[in-house]
Amino acid sequence: MALIKEKVKNNIIETLERIAGKENVLSDESSLEIYSCDSTNMTENERADAVVFPENTNQVSEIMKYANANKIPVVARAAGTSVCGACLPKFGGIILNLSKMNKITKIDKDNLICEVQAGVIIEDLQKAVEEYDLFYPPDPSNLKVSMLGGSIGLSSGGPHTFKYGSIKFS
């Protein structure tokens, strides 16, 4: 049973399309089914009412302001490789898919700092820092699709965790 009535759902979709562009919003049943699950294969959760793919932080900010003002649940996700249910829309609402926010904006070798967006694929980051003779150790088993935002959010690591530790918030 959806928590949001059809009329309200249509308003959500129209607002998201206005913010992020019609091409960046999914609301058809098959897409909602696909994006409302992850690698856990848990099926008892609600379906999202819409999936939106923001392309920049301004769009994320506008989406979050709208959702907050209207008390609409938001779940951030990207690749959905998680096996802990972290990106499931337990109460319906909006899935904020950050996969289009996948740019590495700065690598500062002197200060050992990278500025990246949440949707950067970990393998791409590893290859980019290698060009500066640096090493990004986290190596989840799905590093070809795993994205940095989820990796940080879940402190994922892989075998290198034993030697270097896992990624953490600071």
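No lab work stands behind these numbers, since they all come straight from the coordinates. These numbers were taken from a predicted model, which means no experiment stands behind them. All Cβ positions, even for glycine, are placed from backbone atoms using ideal geometry, and neighbour counts span all protein chains on display.
Dipole size of the chain about its Cα centre, with +1 on Lys/Arg Cβ and -1 on Asp/Glu Cβ: approximately 440 debye, rounded to the nearest 20.
Average projection, convex hull of the Cα set of segment 104-164: 4.0 square nanometres.
Taking the DSSP beta bridges with both ends in segment 1-144, the antiparallel portion is around 45 percent.
For the chain, modelled as a GNM whose springs connect Cα atoms under 10 angstrom apart, the maximal fluctuation among VAL25, VAL83, VAL145 occurs at VAL83.
Given axes a ≥ b ≥ c from the Cα gyration tensor, I'd like to know whether the chain is rounded (a/c under 1.5), prolate (a/b larger than b/c) or oblate.
prolate
Here the residues LEU112, LEU125, LEU148, ranked from fewest to most Cβ neighbours within 10 Å of their Cβ, fall in the order LEU112, LEU125, LEU148. Helix 57-69 axis versus longest C-alpha principal axis of the chain: approximately 40°, rounded to the nearest ten.
Springs between alpha-carbon atoms under 10 Å, Gaussian network over the chain: tell me which of SER27, SER36, SER141 tops the mean-square fluctuations. Highest fluctuation of the listed residues: SER141. Think of the chain as a dipole: +1 on every Lys or Arg Cβ, -1 on every Asp or Glu Cβ, centred on the Cα centre; then among PHE135, PRO73, GLN117, PRO73 lies furthest on the positive end.
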